[in-house]
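The values are calculated or read from the model by the stated rules, or taken from the named source; none is laboratory data. The structure displayed is predicted, hence computed values, not measured ones. Methodologically, a virtual Cβ is constructed for each residue, glycine included, from the backbone with ideal geometry; neighbour enumeration extends over all protein chains shown.
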Amino acid sequence: YFAGETFSHAFTSLVAVLIVACPCALGLATPAAIVVGTGKGAQNGILIKGGEHLEKAYKIRTVIFDKTGTLTEGHPSVTDVIPIGDLSENELVSFTASTEKGSEHPLAEAVLVYAKTNKISYKKAKTFETIPGHGVRADVDGRRLLLGNRRLMTKEKVGIQQYEDRLSGLEQDGKTVIILAVDGRPEGFIAIADTFKPSSKEAIKELNKMGVETIMLTGDNQRTAQAIAKQVGINRVISDILPKDKAEIVKELQMEGNFVAMVGDGINDAPALAQSDVGIAIGSGTDVAVETAGMVLMRNDLMDVPTGIKLSQSTMSKIKQNLFWAFFYNVALIPVAASGLLNPVLAAIAMALSSITVVTNSLTLKRFNPRKWKGKLSQQKRKED
Ligand code: ADP
Ligand code: MG
């Protein structure tokens, strides 16, 4: 108008600019992709609790796995019963079962199942106490029973040095050995083995191929943990961890500048799941773990861990494409509209088109297939705040 145009031409241009500048596609860019991505996650058995987890998972370069119940089936069974004192094999099992009766640990379950299938009876303990990360203590028949790992025996000053060779032999086979002491004297070992899930090996291979470091975190001893790690192909083992220290380990790895995901199933994994950048729970795990995690693997299939990371990467690249298109329409058309060359009707059509482009582009994420994923994970470093 000030440049000498008629008022109506100036006004029409103004309206065209207002229409073109409306940023509706910009507002749609992120949520549209997140909605499609979350739905795709559900189709693949991954429950994603909120967009932020999907927006973070692509940065993961370190995945920590809990051992028992996550990498392994979590239903261990007794493989060896070795008396070293005056007890017979059956007496050893009987005492061990009495001690484990009150425990909810998977190792306890293994002992009780073994006693039952071999029809070995056992007495009820008078008192019972769990020592987290160590074992259990009980009073049975007026005898003080102590059952647990090496750490517990050292703590209670039960000498087992002379059996070290036999212990480590069993541990090298990936078995967990629990030691029974009666009235302060070692009486025998029970070796327990857990089978790892068929999907563990495959999932770890896939993660390593994607350039993601895999770590196993466990309260079990170094030798058993190493033996199992070797079988599933995991890079790094952090063993002999007390349940309360799991979250601390996650924090330390984060301090090294890593984006860390924790995969776990147990009550003792919950603090670590909360501390990690993306907590991933096994669907069949404890309620606390499922509640705390940002993603839940409904099929209990560890292959869904790499799938979750891939899905996040695909979703994020969709979001970036969407933002590009949303900006593209505005940046290209605002100058045209301002110079009076764009009819408001055409401007409106262009704006509708930009929204359609963004939504359609988001919907192409429905074609996501973890097996055909061709994305790349770029280097991401944490910034400590
Ligand atoms: P994880 O879940 O990795 O097995 P835990 O902290 O639950 O770690 O257990 C660590 C170790 O403590 C076990 O490997 C075992 O040696 C010992 N332990 C814990 N609870 C028991 C129990 N009820 N009976 C025997 N040993 C136990
Ligand atoms: Mg576990």
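Points worth noting:
- For segment 115-173, a tally of residues being of a type in the set (Val, Ile, Thr) and touching a residue at least 40 places away in the same chain (Cβ under 8 Å) returns 1.
- Matching residues, segment 15-73, being among the acidic types (Asp, Glu) and either in contact with a Lys or Arg (Cβ under 9 Å, 6 or more places away or on another chain) or within 16 Å of ligand 1 (Cβ to nearest atom) (or both): Asp66, Glu73
- Inspection of segment 298-306 finds no residue satisfying the criterion of being of a type in the set (Val, Ile, Thr), farther than 30 Å from Ala347 by Cβ, more than 16 Å from ligand 2 (Cβ to nearest atom) and crowded, with 24+ Cβ neighbours inside 10 Å.
- Qualifying strands (runs of 3 or more DSSP E) (wholly inside segment 42-108; at least 2 residues being closer than 23 Å to Asp269 by Cβ and within 21 Å of the chain's Cα centre (by Cα)): 46-48, 62-66
- Residue in segment 136-152 that is surrounded by 22 or more Cβ atoms within 10 Å (Cβ to Cβ) and in a helix (DSSP H, G or I) present: no
A quick yes/no check of all residues on (1) closer than 26 Å to Gly148 by Cα; (2) in contact (Cβ under 8 Å) with a residue 12 or more places away in the chain:
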{"position": "Lys209", "(1), (2)": "no, no"}
{"position": "Gln226", "(1), (2)": "yes, yes"}
{"position": "Val232", "(1), (2)": "yes, yes"}
{"position": "Leu253", "(1), (2)": "no, yes"}
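- Unmet criterion (only one of (1) part of a loop (DSSP other than H, G, I, E, B); (2) within 16 Å of ligand 2 (Cβ to nearest atom); (3) among the hydrophobic types (A, V, I, L, M, F, W, C)) for Ile120: (2)
- When the test is whether a residue is in contact (Cβ under 8 Å) with a residue 60 or more places away in the chain and assigned to a strand (DSSP E or B), Ala191 passes it.
- The set of residues in segment 278-324 that are touching a helix residue (DSSP H, G or I) at 6+ places or on another chain (Cβ under 6 Å), basic (Lys, Arg) and either over 14 Å from Thr38 (Cβ atoms) or in a loop (DSSP other than H, G, I, E, B) (or both) contains only Lys310.
- In segment 8-30, the residues that are without any contact (Cβ under 8 Å) to a residue 12 or more places away in the chain and of a type in the set (Lys, Arg) form no Cβ pair under 6 Å with any partner that is exposed (fewer than 14 other Cβ atoms within 10 Å of the Cβ) and not in a loop (DSSP other than H, G, I, E, B), whether six or more places apart or across chains.
- Some residue of segment 327-344 being away from ligand 1 (no atom under 16 Å from the Cβ), modelled with pLDDT of 95 or more and either in a helix (DSSP H, G or I) or among the β-branched types (Val, Ile, Thr) (or both): no
- For Lys157, the requirement of being assigned to a helix (DSSP H, G or I), surrounded by fewer than 16 Cβ atoms within 10 Å (Cβ to Cβ) and either at pLDDT 95 or above or not aliphatic (A, V, I, L, M) (or both) is not met.
- Tallying residues that are crowded, with 16+ Cβ neighbours inside 10 Å and out of contact with any strand residue (DSSP E or B) (no Cβ under 6 Å at 6 or more places or on another chain) within segment 74-89 yields 1.
- Pairs are defined by a Cβ separation below 9 Å, a sequence spacing of at least 6 or placement on different chains, a first member in segment 313-341 that is touching a residue at least 12 places away in the same chain (Cβ under 8 Å), and a second member that is among the charged types (D, E, K, R) and part of a loop (DSSP other than H, G, I, E, B); the pairs so defined are Gln313/Lys376; Gly340/Glu5.
- Selected residue (criterion: modelled with the lowest pLDDT) from residues of segment 253-277 that are in a loop (DSSP other than H, G, I, E, B) and within 12 Å of ligand 1 (Cβ to nearest atom): Gly266
- Look at (1) modelled with pLDDT of 95 or more; (2) under 24 Å from Ala227 (Cα atoms) and you find that Ile280 fails only one, number (2).
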